[in-house]
Amino acid sequence: MRFKSTFTLLLLVFTVALVAQQNFTLSGYITDAENGETLIGATAYVPSLAIGASTNEYGYYSLSIAPGTYQVEFAYLGFATQIQEIQLNQNIKLDIELGYAVAQLDEVVVIGEAEDKNVTDLQMSVNRLDINTIKSIPSLLGEVEIIRSLQLLPGVTTVGEGATGFNVRGGSIDQNLVLLDEAPVYNSSHLFGFFSVFNPDAVKDVKLYKGGIPARYGGRLSSILDVRMKEGNSKRFSMNGGVGLIFSRLAIEAPIIKDKSSFIIAGRRSYADVIAKPFLNDGLENSVLNFYDLTLKTHYNINDKNRLFLSGYFGRDNFGFGEQAGFNWGNSTGTLRWNHLFSERMFSNITFYYSDYDYKLNFGDDAANSFDWNASIDNVSVKPELTYFINPKNIIRFGGQAIYYIFEPGNAIGVSEGEVSDIGLPNKYAIEGGIYLENEQDYNRLKLNYGLRLSMFDYLGSGTAYEFGEAPLGKRKPVISSRNYNKWESIKAHARLEPRFSVQYQLTESASLKASYNRTAQYIHLISNTTASTPVDVWTPSTNNIEPQMADQIAIGYFKNFDKNIYEFSAETYFKKMDKLVDYIEGADLLLNRFLEGDLLVGQGRAYGLELMLKKNKGNFTGWVSYTLAKTERKVQGINMDKWYPSRYDQTHNLSMTSFYELNKRWSFSANFSLISGTPTTFPTSRFEQQGYVVPHNANETRNNIRIPVYHRLDIGATRKGKDKPDRRWKGEWVFSVYNVYSRRNPFSIYFKQQDGRVDIDQPVITEAIKLSVIGNFIPSISYNFKFE
C-alpha cells in the first residue's frame, strides 16, 4: 500500500512537471521609453489565445504558453500599443519600452491601466490615482496634494480642515497603514493635515486598498495606502519643480549608468516664517514656522536576474514661538530592496526598511524654568516575498515579515527654579511577525484570490508589566500587582489568523460582480482622545492589558463600463465589524501616565454603507462623481449607557464631484465640489449655575448626541502651459487656483463660552456657542511649475 501511494505521488509530480515543460515563458520588464521608469499594471496580451499577464509593482511580467508563433500586444493606457510577433520555441526574455500615444498626450487620463480593468480585474474596493490626475486637482495654495485627493473618492473621509490623516469606511486614522516604498509612515501630513508628506515630483504610483485586502498586507484594520516612488530617469538628466506662495520644491533625476542605474533627489521647503520675519517683534523675532522634506532614491540593474533599489525620506515640521515655546515632529524612512529572478516564472523581492517617527515639545522662560518632552516610535523590518507564475491563469504568492519596535512613550525633563525632575516613562519593546500564502486563479469568467495570513506579536522586556483590578464601568482601574521583566523576555504573546478571499464574476464583456471578505488584526495603537492626530499622540503596543484590535469586512460590488470604456460605473456595499477598540474613561490621563492602561476601555464598532462612483476617463472633459451613504457606530461599556452611538468619524452623506477640462494644448481647467454631513459631537444637556459660573452637565452621559453643520466647499483651478516647441528643453506652466471659492466657514468644532464680566445678582448667566472654523475665507494662489530635460 505504501509503495502504491508513493508511486502514485511520483507519477503525479512527473505529470505536472511534464505539462510545465510543454510550455515556454515570455517574460521581462515593461518601461516608459521616455525615462526608463517601470510601468505598473501594463499588459502583455495574446489575442489568439485570449490570455495575458500584467506587470507587478516592479514592472515585471511573466506569460507561460504552449510553443508557437504569436502576435503579442504590449499596452498601457495613455501609451501607444506595441505589437510584436514572437516565435516561442524556448524561454524568451523580452523587455519592452512603450512610448506615449500622440493623440492622448494632452488628455487628462484618470487611470493608468487597461481601459476595462475596473470591470475585468479581480480587485474591488481599490482606488488607484494616476499622479498626473492628482496634479490636475485644484488644491490649497496650488500645491499638489495626494492625501486630499484621496478624500474625493468614495469611502474616504476626514473630520474637517486641519485634521491630520484620513478615515476609511469608519476606521480611525491609526487604522490606515501608509507605506512609502514599503516603509510605514506614522504621520502622513505636514502643517496639521493641510499638506501630505509625499512630494508629487517623486511619486510614481498611489494605490488605496479599502477592502478585499490581499494576504500579503497586514498590520492595520481599515486600509492600505501603498505609495511607490520613481526610480529616476535612466535615459537623460531632467529637473522639475515649482515655486509657490508659501513653499517651493525641486527634483533632480539622472542616469548614473544609462539604462542601468539612475537616481532622483526631490526636496521641498516652506518659507512662511521667512516672509513673516520682518513683521515679528516683542520677543517673537526668532519664531519658526516651516516644514521641509527630502526624498531620495536610486536603483541599479546588476544583471538580468538582479536589481537593487535604495530609497529614503526625511521630513520635519517646526513651530517655535520666540525663545519661550515650540514643538516639532518628523518622519524618517529608509528602504533597501533586492529583486531576484530564480527563473522566468519565480520572482522574488526582499525588503529591509527602517522607520522613525518622533515628536518634541518644549516651553519655559529660561534654562532655570523649562520643560522638554519628546517621544518616538522606531522600527526595523525584513520582508521576503516570492511570486510564482504557474501559468497565465494561476499565480501563487507567499512570504513573511518580521518587525522590531521600540516605543518611546515620553522622555520628559522639567526644571523649576533650577531643580531638575525626570518624569519620563521607560521604553517599550515588541516584535511583530507574519507569514502568508495567497493563490490567484482565473477560470475565464470567474476569478478567485484566496489566502491566509498568520500574524504574531510579542510584547517584550525589559520593562514592568502591571495587573489591574476591577472597577465600576467607566472608572479608573486600580493597580493590584506588578512584575519586572528582563531584556528580550516575553511579557505577553498574541497570534491571530487572518483569512482573505475575493471573487469576480464576468457577467458580460462590460459588466461584472465582485465580492470580498477579509479579517485584519492590528497590534499597535494610537493613544489619542482627539479626532485627528496631533504631535503629542502616543503609540503603544498590545500588552498584557491591551488586546489586538480585530476587524471583519465583507463587500459586494457591481461594475459596469459604457461607450467603449469611456464611462465607468461602480456600486459597492460593505459591512465591517470591529472588536477590541481602544477608548478612554472620562478624564483619562493620556500623557506621561505610567498606569495609562488603567484608564483605557475596550469597545466594539460597526460600519456599513453604499459607495457609488461614475467616472469619465477620456476626452477633453473628464472627471468623476462619487457618493457614499454610510453609518459608523461604537459601543463601549461605561460610555453612553452601554448603547451604540455614532463615532466621531460618522458622516451619513458624502458627495464629491471632480472635473477636468482641456480647452486647448495650453489651457486646462479643473474644479471639485464636496458636500458632507456634519460629524457628531457631544453637547451638554443641562447646566448648573454657581456663584456666577456655569457648569455644563450631560445628564444622560450620552456621547456624540448632536451633529455640527453640513460641510461644503468649491475649489477651482486653471493651468496655462508655455508654448511647446520640439527643441525646447525648458517647459513651464502657471497654475492658478482658488480654494473655498465662496468663503464657506465650515465648522471644525463647536464649543460653549460664558459671557465676560460680572453677572448681576438674580440675573441668568448668558452663554453662547462658538463655531471654530479653520478656514473662513477664499484663498487664491498662483504657482509656477517647470521641467528641464
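The values are calculated or read from the model by the stated rules, or taken from the named source; none is laboratory data. Source: prediction; values computed, not measured. Here the Cβ positions follow ideal geometry from the backbone for every residue, glycine too, while neighbour counts run over all protein chains shown. What goes into the accessible areas is simple: the full protein's heavy atoms, side chains included, and nothing from ligands, DNA or RNA. Shrake-Rupley method; radii C 1.70, N 1.55, O 1.52, S 1.80 Å.
Some points to look at:
- Restricting attention to segment 593-646, the residues that are farther than 27 Å from Gly211 by Cβ and open to solvent by 70 Å² or more (accessible area, probe 1.4 Å) add up to 7.
- When residues of segment 497-510 are limited to those that are of a type outside the set (Val, Ile, Thr) and open to solvent by 60 Å² or more (accessible area, probe 1.4 Å), the one nearest to Gly211 (Cα to Cα): Phe501
- Unique match (being of a type in the set (Lys, Arg), open to solvent by 40 Å² or more (accessible area, probe 1.4 Å) and touching a residue at least 24 places away in the same chain (Cβ under 8 Å)) among Arg268, Arg216, Arg236: Arg236
- Unmet requirement for Arg397, which otherwise passes all of (1) open to solvent by 60 Å² or more (accessible area, probe 1.4 Å); (2) farther than 22 Å from Leu601 by Cα; (3) charged (D, E, K, R): (1)
- On inspection, Tyr466 passes the criterion of being in contact with a helix residue (DSSP H, G or I) (Cβ under 9 Å, 6 or more places away or on another chain), crowded, with 17+ Cβ neighbours inside 10 Å and not assigned by TED's automatic domain parsing to the domain that holds Gly219.
- Leading residue by the ranking (most open to solvent (accessible area, probe 1.4 Å)) among those in segment 713-741 that are under 26 Å from the mean Cα position of the chain (by Cα) and over 14 Å from Gly142 (Cβ atoms): Leu714
- Count of segment 59-103 residues which are of a type in the set (S, T, N, Q), outside any loop (DSSP other than H, G, I, E, B) and in contact with a Gly (Cβ under 9 Å, 6 or more places away or on another chain): 3
- Just so you know, in segment 442-463 the residues that are over 29 Å from the mean Cα position of the chain (by Cα) and polar (S, T, N, Q) include one that is surrounded by the fewest Cβ atoms within 10 Å (Cβ to Cβ), and it is Asn444.
- Matching residues in segment 636-663 - criterion: being under 19 Å from Thr133 (Cβ atoms) and either in contact (Cβ under 8 Å) with a residue 40 or more places away in the chain or outside any strand (DSSP E or B) (or both): Ser656, Thr658, Phe660, Tyr661, Glu662, Leu663
- Check on Asp259, at pLDDT below 95, at positive phi and touching a Lys or Arg at 6+ places or on another chain (Cβ under 9 Å): yes
- Qualifying positions in segment 692-716 - at positive phi and out of contact with any strand residue (DSSP E or B) (no Cβ under 8 Å at 6 or more places or on another chain): Gly692, Glu701
- Condition met for Leu437 (part of a strand (DSSP E or B), open to solvent by 50 Å² or more (accessible area, probe 1.4 Å) and not assigned by TED's automatic domain parsing to the domain that holds Ile213): yes
- Of all residues in segment 517-525, one or more are open to solvent by less than 10 Å² (accessible area, probe 1.4 Å), outside the structural domain of Arg216 (by TED's automatic domain parsing) and under 24 Å from Tyr443 (Cα atoms).
- Taking the conditions (1) free of Cβ contacts under 8 Å to residues at least 60 places away in the same chain; (2) over 26 Å from the mean Cα position of the chain (by Cα) in turn, Asp583 satisfies each one other than (2).
- Restricting Glu689, Glu633 to those that are out of contact with any strand residue (DSSP E or B) (no Cβ under 7 Å at 6 or more places or on another chain) and in contact (Cβ under 8 Å) with a residue 12 or more places away in the chain reduces the list to Glu689.
- In this structure, Leu425 qualifies as assigned to a loop (DSSP other than H, G, I, E, B) and in the same structural domain as Arg519 (by TED's automatic domain parsing).
- Residue in segment 327-338 that is over 26 Å from Phe195 (Cβ atoms) and either in contact with a Gly (Cβ under 8 Å, 6 or more places away or on another chain) or free of Cβ contacts under 8 Å to residues at least 24 places away in the same chain (or both) present: no
- Verdict on Ile390 being open to solvent by 30 Å² or more (accessible area, probe 1.4 Å) and under 31 Å from the mean Cα position of the chain (by Cα): no
- Scanning segment 123-178 for residues that are at positive phi and out of contact with any Ser or Thr (no Cβ under 8 Å at 6 or more places or on another chain) yields a count of 1.
- In segment 727-750, the residues that are part of a strand (DSSP E or B) and not small (Gly, Ala, Ser): Trp730, Lys731, Glu733, Trp734, Val735, Phe736, Val738, Tyr739, Ile750
- Residues in segment 297-326 that are among the aliphatic types (A, V, I, L, M) and either open to solvent by less than 80 Å² (accessible area, probe 1.4 Å) or over 30 Å from Asp259 (Cβ atoms) (or both): Ile302, Leu308, Ala325.
- Yes/no for Ile51 being among the β-branched types (Val, Ile, Thr), on the phi < 0 side of the Ramachandran plot and touching a Pro at 6+ places or on another chain (Cβ under 6 Å): yes
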